[in-house]
Amino acid sequence: MPAGPDKVVLHPLVLLSVVDHYNRVAKDTKKRVVGVLLGEHYKGQIDVTNSFALPFEEDDHDPTIWFLDHSYLEQMYKMFKKVNAREKIVGWYSTGPKLRESDLDINELLRSGFCENPVLVICEVQPKEVGLPFTAYYAVDEVRTDGTEKAKKVFNSLPTEVGQTEAEEVGVEHLLRDVKDATLSSLAGDVSSKLMALKGLQGRLGEISEYLELVLDGKLPPNHDVINIVQEIFNLLPNMNVESLSKSLAVKSNDMMHVIYVASLVRSILALHKLIDNKEGRLWAEKEAAKKEKEKAEEKAKKEAKEKEEKEKAEAKANGKAEEKDAGKK
């Protein structure tokens, strides 16, 4: 039996296809969807470049009862081979969100009929943690050292990463440009990316701490490969006791804080200047409003005086005519 893969590289098109499959079939439900992964296996690396969905059903209460349409799989694979003969079946995907009891049976079905060493990729269509939204597994034979049980298949996790061709990179950038929030500046985007990266690092450190605690408590057997990787991580950490390194970090930190301090001063001065401008503008507006009100009051008083004068003249004229009329009668 040939050796298993060392790494799985998933292309963006596959992730988009999986999300589309889930939204069409199992959105707002607890069901999962299953499909086939197509790509190439070269020097221990599996490049997953394409995929297609499969009709799949399973019993929620009995995990041993499931259905997968073999004839549909065969027909679709034949059509994909006509389009690109280099793409072969390299495994299958599931939206999980975790491994299930029937996964080994499905994996064995693909291994016996379509792919000698299939990989399983579980894609998180609704990820709750920061990081890559998929994990890859490879089935291996596990043999008990004491010989109490027969060899059985188990899933081992594989390193994963996202890879893309030049054409895919252009398409993904165009897609991200359409969904990007135009109100955010480039600085805000950089800060958001740094924050997400730090959250992802915090989650990974938490997983390492939890694993080491379980090993110390005897709840998990020690895995020397994992321990060696953790030791390499600690070896890569800088030695803070070196005076030159501490001094360099202090100088760098002071320079950054100086820039932040100057920026805060400039921001405060601009805010005060704007406050003074606003206050001055408000005073001028109040003066203009008072002046207009005074002019309106003067115009109103003049108008009322003129109307009163005209009224008095009219009354005097009417009284004069009345007196002349009385004098004529006499």
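Kindly establish whether residue 99 is of a type outside the set (D, E, K, R), within 16 Å of residue 5 (Cβ to Cβ) and out of contact with any Lys or Arg (no Cβ under 9 Å at 6 or more places or on another chain). Outline the logic, then answer.
On the way: of a type outside the set (D, E, K, R): yes; within 16 Å of residue 5 (Cβ to Cβ): no; out of contact with any Lys or Arg (no Cβ under 9 Å at 6 or more places or on another chain): yes.
When the stated conditions are applied, residue 99 does not pass them.
With (1) under 33 Å from the mean Cα position of the chain (by Cα); (2) surrounded by 10 or more Cβ atoms within 10 Å (Cβ to Cβ); (3) at pLDDT below 90 as the list, and residue 320 as the residue in question, which single condition is left unmet?
Residue 320 satisfies every listed condition except (1).
Out of the residues in segment 53-71 that are aromatic (Phe, Trp, Tyr) and surrounded by 14 or more Cβ atoms within 10 Å (Cβ to Cβ), which is nearest to residue 40 (Cα to Cα)?
Just the residues of segment 53-71 that are aromatic (Phe, Trp, Tyr), to begin with: 56, 66-67.
Cutting the leftovers down to surrounded by 14 or more Cβ atoms within 10 Å (Cβ to Cβ) gives us 56, 66.
Details: 56: 25, 66: 28 Å.
The qualifying residue nearest to residue 40 (Cα to Cα) is 56.
Considering segment 48-103 alone, what residues qualify as being in contact with a helix residue (DSSP H, G or I) (Cβ under 7 Å, 6 or more places away or on another chain), part of a loop (DSSP other than H, G, I, E, B) and in contact (Cβ under 8 Å) with a residue 40 or more places away in the chain?
The answer is 87, 95.
Can you find a residue in segment 56-73 that is modelled with pLDDT of 90 or more, within 32 Å of the chain's Cα centre (by Cα), under 27 Å from residue 126 (Cα atoms) and of a type outside the set (Asp, Glu)?
Checking segment 56-73: at least one residue is modelled with pLDDT of 90 or more, within 32 Å of the chain's Cα centre (by Cα), under 27 Å from residue 126 (Cα atoms) and of a type outside the set (Asp, Glu).
Name the residues in segment 9-26 that are free of Cβ contacts under 8 Å to residues at least 12 places away in the same chain and touching a helix residue (DSSP H, G or I) at 6+ places or on another chain (Cβ under 9 Å), would you?
Scanning segment 9-26 gives a single hit, 16.
Only one of (1) closer than 30 Å to residue 208 by Cα; (2) at pLDDT below 85; (3) surrounded by fewer than 10 Cβ atoms within 10 Å (Cβ to Cβ) fails for residue 221. Which number is that?
Every condition holds for residue 221 apart from (2).
The values are calculated or read from the model by the stated rules, or taken from the named source; none is laboratory data. All figures in this text were calculated on a predicted structure; none of them were measured in a lab. All Cβ positions, glycine included, derive from the backbone under ideal geometry; neighbour counts span all protein chains shown.
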